[in-house]
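The values are calculated or read from the model by the stated rules, or taken from the named source; none is laboratory data. Since the model is a prediction, treat every value here as computed from it, not as a measurement. Cβ placement follows ideal geometry from the backbone for every residue including glycine, while neighbour counts extend to all protein chains displayed. What goes into the accessible areas is simple: the full protein's heavy atoms, side chains included, and nothing from ligands, DNA or RNA. Shrake-Rupley method; radii C 1.70, N 1.55, O 1.52, S 1.80 Å.
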Amino acid sequence: MGYTSFSVWLVWSGFNHFIWRICPGLFGRKKISGKWIGQLKSNFKGATSKDVEVRIKQTFSSINITLKTNEIISKSVITGWDKTNNSLYYIYKTDPDISIKRENPVQDGAAKIVFDKANKKELKIEYWTDRKTTGYIQLRKVSWLEMLKFTK
């Protein structure tokens, strides 16, 4: 790799991982990395409510969203920012626990993360699936101090 290629890679890597975070709004982004916890409300089987944990890993060019409940794990497949509506859309695939796959099989879905301008520590996710279920997830960001408590 030549010096020019290395220099371009170094600048891009610095921007992609760090620099854009200084002023994310300038680039039509929000910083949402971290651990989020909250409640999932769904119309699955009439009405379902579950505790949920969401982990978001983010760079300028990518976002990976992993959601966990006591029964399923879902992972984002693709994400995209909607700058005009102040939201993030993503497509995901679920991976249910083997013990419930018959009653709650693998499914594909889409979701929209809605940002509250007044409160940067809360998110709302609206979702819908290929099995005609819909719902929303109300989340709050877990602070670094809370994460340290969880690991002890």
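Of all the residues that make up the range 95-107, how many are in a strand (DSSP E or B) and either touching a residue at least 24 places away in the same chain (Cβ under 8 Å) or under 15 Å from K31 (Cα atoms) (or both)? The qualifying residues number 1. Does I72 fit the bill of being crowded, with 17+ Cβ neighbours inside 10 Å and within 14 Å of I113 (Cα to Cα)? Criteria not met by I72.
Of the numbered criteria (1) free of Cβ contacts under 8 Å to residues at least 12 places away in the same chain; (2) farther than 17 Å from I37 by Cβ, the one V114 fails is (1). The set of residues in the range 57-69 being in a loop (DSSP other than H, G, I, E, B) and farther than 16 Å from G135 by Cβ consists of T59, F60, S61, S62. Cβ-Cβ distances below 8 Å connect the following pairs, each with a first residue in the range 122-151 that is within 15 Å of K50 (Cβ to Cβ) and open to solvent by 50 Å² or more (accessible area, probe 1.4 Å), a second residue that is charged (D, E, K, R) and modelled with pLDDT of 85 or more, and a separation of six or more residues or different chains: T134/E126; Y136/K41; Y136/K124; Y136/E126; Q138/K41; Q138/E122; Q138/K124. Restricting attention to the range 14-56, which residues are surrounded by fewer than 12 Cβ atoms within 10 Å (Cβ to Cβ) and not in a loop (DSSP other than H, G, I, E, B)? Selection gives G14, I22, G25, L26, S49, D51. Inclusion of K93 among residues that are open to solvent by 80 Å² or more (accessible area, probe 1.4 Å), in contact with a helix residue (DSSP H, G or I) (Cβ under 9 Å, 6 or more places away or on another chain) and either within 22 Å of S143 (Cα to Cα) or not polar (S, T, N, Q) (or both) is not warranted. Cβ-Cβ contacts under 6 Å between residues 6 or more apart (or on different chains), taken from a first residue in the range 54-69 that is under 15 Å from I37 (Cα atoms) to a second residue that is assigned to a loop (DSSP other than H, G, I, E, B), are listed as I56/I32; I56/S33.
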